[in-house]
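To start, the structure itself, in structure tokens.
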Amino acid sequence: MRLMLAAGLVAAALPALAEEDGGGTLNPEELTLGSVLDRAARGETSMTTCAAGYLITKSGRHGQARTVFEACAAAGYTGAMTWMSQLDDNGLGGPEDPDRAAEWDRRAAEAGDPVGMFNYGLDLMRGRGVARDDAAGRALVDRAAEAGLDSALRLRGAGYDLDEVTPDADNWKYAPVM
């Protein structure tokens, strides 16, 4: 009887011992917020991990979205760079920081992203986060338009009138500093 009890205790302990031997996690989480954040924190990025950042920020979890977008931006995903700009420009998940927002836009533009070109062009035309340079800003908007970006085509078609792409509610934000 004691032998059977001892054998039962050893058998019960085997699964716990197997997990501790470095054999990995059985049945790991794959499609959860926690797994996305864990992968991003380890610097493991993929298209699906980076796309999850959009869902995370749209659910109001901006700090967690930053974790994902920062990892994805470091891996070269330009869409994550433009999202980081949006977060910094609007103070979501961190302080409002127009300089940092413009830097993210510049990085995306230099990587060839049409949205980054358009956004950095707007930054330059407005002088938000960077020194104002209308000519350089228009040139970037033109490049984004040549790439087929609808908002850039619309802005160019409106003679670069920034009101064409700026909601009235945001006019205070982009007004020149006096």
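The values are calculated or read from the model by the stated rules, or taken from the named source; none is laboratory data. The shown structure was predicted, so the numbers you read here are calculated from the model rather than taken from an experiment. Note that each Cβ is placed from the backbone with ideal geometry, even for glycine, and that neighbours are counted across all protein chains shown. Please note that ligands, DNA and RNA were not included when accessible areas were found on the heavy atoms of the full protein model with its side chains. Shrake-Rupley method; radii C 1.70, N 1.55, O 1.52, S 1.80 Å.
Give, as ranges by residue number, the residues of the stretch 42-63 whose backbone N falls under 14 Å from the point 7 Å along Cα→Cβ of Glu29.
Once the point is set 7 Å along Cα→Cβ of Glu29, 42 turn out to lie under 14 Å by backbone N, inside the stretch 42-63.
Can you tell me which of 115-126, 66-77, 32-43 comes out highest on packing, and rank the rest after it, using the mean Cβ neighbours within 10 Å?
Most protected by this proxy first, the peptides run 115-126, 66-77, 32-43.
Classify the stretch 53-98 from the C-alpha gyration tensor, please: rounded if a/c falls under 1.5, else prolate or oblate depending on whether a/b exceeds b/c.
Oblate.
Over the stretch 59-178, give the accessible area per residue in Å² for a 1.4 Å probe, as an integer.
Using a 1.4 Å probe on heavy atoms only, each residue of the stretch 59-178 averages 50 Å².
Under a point spin-label approximation (7 Å from Cα along Cα-to-Cβ), what is the Met47-Ala75 distance to one decimal in nm?
Result for the modelled spin labels: 1.2 nm.
Consider just the alpha-carbon atoms of the stretch 26-92 and return their Rg together with their Dmax, both in angstrom.
11.2, 42
Report, to the nearest whole %, how much of the accessible area of the chain belongs to carbon and sulfur atoms, 1.4 Å probe, protein only.
Answer for the chain is 56 percent, counting heavy atoms of protein chains only.
Can you give the accessible area of Glu44, probe radius 1.4 Å, in Å² rounded to 10?
Its heavy atoms expose roughly 80 Å² to the probe.
Counting only Cα, what are the radius of gyration and maximum Cα-Cα distance Dmax of the stretch 65-172, in Å?
Taking only Cα atoms of the stretch 65-172, I get Rg and Dmax of 13.2, 38 Å.
Is it possible to state the helix-based mean residue ellipticity at 222 nm for the chain, with each DSSP H run of 4+ residues giving -39500 (n - 2.57), the sum divided by total residues, to the nearest 500 deg cm²/dmol? What is it?
-20500 deg cm²/dmol
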